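Contents: one structure, followed by commentary.
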Amino acid sequence: MATTLITGRPWRVILAFSVPLLIGNVVQQLYQFVDAVVVGRQLGVNSLAAVGATGSLIFLVIGFAWGLSSGFAIPTAQAFGASDARGVRRSVATGTLLTAATSLILTVLGPLIAAPFLELLQTPPELMAEATVFTQVTFIGGSTIMFFNYLAAIIRAIGDSTTPLVFLTVSCALNVGLVILMVGPLAWGVAGAAWATVLAQAVSVLLCLLYVWRRVPVLHVHRDDWKVSRDDIVEHLRLGLPMGFQASIIAIGALIVQVALNRLGAEAVAAYTAASRVDSLASAFLASLGLAASMYAAQNLGARRPDRIRTGTIQAIWMAIIGSVALGVVMIAFGAPVVRLFVGDGADDVVASAHLMLIINGLTYSLLGVLFVLRGVLQGLGHVLVPTVTGVIELVMRVVAAVVLGALLGFGGVAMSNPLAWVGAVALLIPAYVKAHRALAKMKVDPIESTLTTPIPVIGPTDGSMVVDAVYTAPVPVVSPRLSRLRLPRTTRRRG
């Protein structure tokens, strides 16, 4: 029988949940990697730089939408941990409506702001045409990206991190085939690379919907559940908006970095693009741990197990640090040969600059690992202020490094912007989590009892460790008065 994140050894369930996330992140980064290789090899360094020049703007808009939809899944996980079946359904209905509204705004406004914003970023003239086309196509299909992220998030919220991985893998494989076809034989240029991603994500959305309809009754929304209340909307926006704004704040810093890179020329943009692709592969493990820690904290908060949250967080931090050291060694030792895959021979300056960035990041991955875990746990507990403020700190640190150090040291100064941003964020996250850690220690641990009156059936894996068919009936714990002070969804709090 499958288990949830509220039972078993903390480090094991976090790791089991994060492994499919890691594989999914790696698969996703691999198809972006392939995109970059195909564009760079087939269309040239300038086309690669043009796609890279769009990264910050796309992250600003799509990143906000992604953070927003991820936040909508936190009340779902908390309600599931508390065995509140109706709360799960209402959360899904509320999140779906809010995701649809955001997708509509993104699709309409995104293409209109593409060219003006790229000009504002001082995109080199020789890159402007291709960068504009790539951005507009991405925004037109942004709703597919957002809905897949939301559907994957609510499936993970009930403890299943394997199924989204399967669908993501299918989507990525399809994307690779489409980008090779559209950029190569069909000769659609950079627009082909963007359309390949949009079409592949649309397929993943359909797969998620079919899976939920046929296999996950706990996520089936009843007619009455669509009558969401103002409190439901406020609660989901309270968690979703800060996560969206946090991504946007980070993206604003990335935009300023992009301006600094644009001033250094197309080769600097190409080097940063190639290094970022490789770096994303390396940091996928750390990002997966952070998301796993968030869902783990949310479910255990709903289950009234503060002891498990404390233990699991410490163990997740150690896993992040150990993984960071290993990743850093790999990036420093093998970064240059991997970067050369993007640009081929005759671009030694681009390879050297990209490898320098990988060395700088590789030496400081431990900071990034701690950042992901602590931020994820605080978000899973329902904290919104500190994670948002850390985004502001990252913005300030990244801007200072890009503008000041970039002017003094060139590309190397710009490359230092990421580690300095991580330092600033971690400096706030550590004391914030210590405070939360102490608060959790003072709360009474309520033993989990099998007293559920409204069972929640879950068909499929709930711990992300294997694909099985199982029905899990979750227990209802007694609500601790102290633990109820933490920000649980209203549907969950009323059960106490």
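Things worth noting here:
- Considering the conditions (1) surrounded by fewer than 24 Cβ atoms within 10 Å (Cβ to Cβ); (2) modelled with pLDDT of 80 or more; (3) more than 26 Å from L219 (Cα to Cα); (4) of a type in the set (V, I, T), V26 is excluded by exactly one of them, (2).
- Meets criteria (assigned to a helix (DSSP H, G or I) and farther than 30 Å from I314 by Cα) for V19: no
- Among the residues of segment 269-294, those that are farther than 19 Å from I332 by Cα and open to solvent by 10 Å² or more (accessible area, probe 1.4 Å) comprise A287, L291.
- Looking across segment 351-379, the residues that are more than 16 Å from the chain's Cα centre (by Cα), open to solvent by less than 30 Å² (accessible area, probe 1.4 Å) and not polar (S, T, N, Q) come down to V351, A354, M357, L358, G362, Y365.
- The set of residues in segment 404-436 that are over 26 Å from the mean Cα position of the chain (by Cα) and either surrounded by 22 or more Cβ atoms within 10 Å (Cβ to Cβ) or assigned to a helix (DSSP H, G or I) (or both) comprises V404, L405, G406, A407, L408, L409, F411, G412, G413.
- Taking helices (runs of 4 or more DSSP H) as the structural unit, those lying wholly within segment 101-219 and holding at least 3 residues that are under 19 Å from the mean Cα position of the chain (by Cα) correspond to 142-157, 162-183, 190-215.
- Residue selection: I140 fails the criterion of being over 30 Å from T163 (Cβ atoms) and either open to solvent by 30 Å² or more (accessible area, probe 1.4 Å) or free of Cβ contacts under 8 Å to residues at least 40 places away in the same chain (or both).
- Each residue in segment 295-327 was checked for being modelled with pLDDT under 90 and either touching a Phe, Trp or Tyr at 6+ places or on another chain (Cβ under 6 Å) or in a helix (DSSP H, G or I) (or both), and 5 of them qualify.
- Any hit, segment 161-183, residues being touching an Asp or Glu at 6+ places or on another chain (Cβ under 6 Å), buried (at least 23 other Cβ atoms within 10 Å of the Cβ) and modelled with pLDDT under 90: yes
- When residues of segment 189-212 are limited to those that are open to solvent by less than 20 Å² (accessible area, probe 1.4 Å) and polar (S, T, N, Q), the one nearest to V45 (Cα to Cα): Q201
- Any hit, segment 65-84, residues being small (G, A, S), surrounded by fewer than 24 Cβ atoms within 10 Å (Cβ to Cβ) and over 19 Å from V205 (Cβ atoms): no
- Members of segment 34-50 found to be open to solvent by 40 Å² or more (accessible area, probe 1.4 Å) and of a type outside the set (A, V, I, L, M, F, W, C), listed by number: R41, Q42, N46
- Considering each residue of segment 213-221 in turn, at least one proves to be more than 25 Å from I74 (Cβ to Cβ) and either small (G, A, S) or open to solvent by 30 Å² or more (accessible area, probe 1.4 Å) (or both).
- Of all residue pairs spaced 6 or more apart or on separate chains, those with beta-carbon atoms under 8 Å, a first member in segment 264-293 that is within 16 Å of G412 (Cβ to Cβ) and modelled with pLDDT of 85 or more and a second member that is open to solvent by 10 Å² or more (accessible area, probe 1.4 Å) and aromatic (F, W, Y) are A268/F411; A271/F411; Y272/F411.
The values are calculated or read from the model by the stated rules, or taken from the named source; none is laboratory data. Owing to the predicted nature of the structure, the values given are computational and were not obtained by experimental measurement. For neighbour counting, all protein chains shown are included, and Cβ atoms are generated from backbone atoms with ideal geometry for every residue, glycine included. Calculation scope for accessible area: heavy atoms of the full protein, side chains included, ligands and nucleic acids excluded. Shrake-Rupley method; radii C 1.70, N 1.55, O 1.52, S 1.80 Å.
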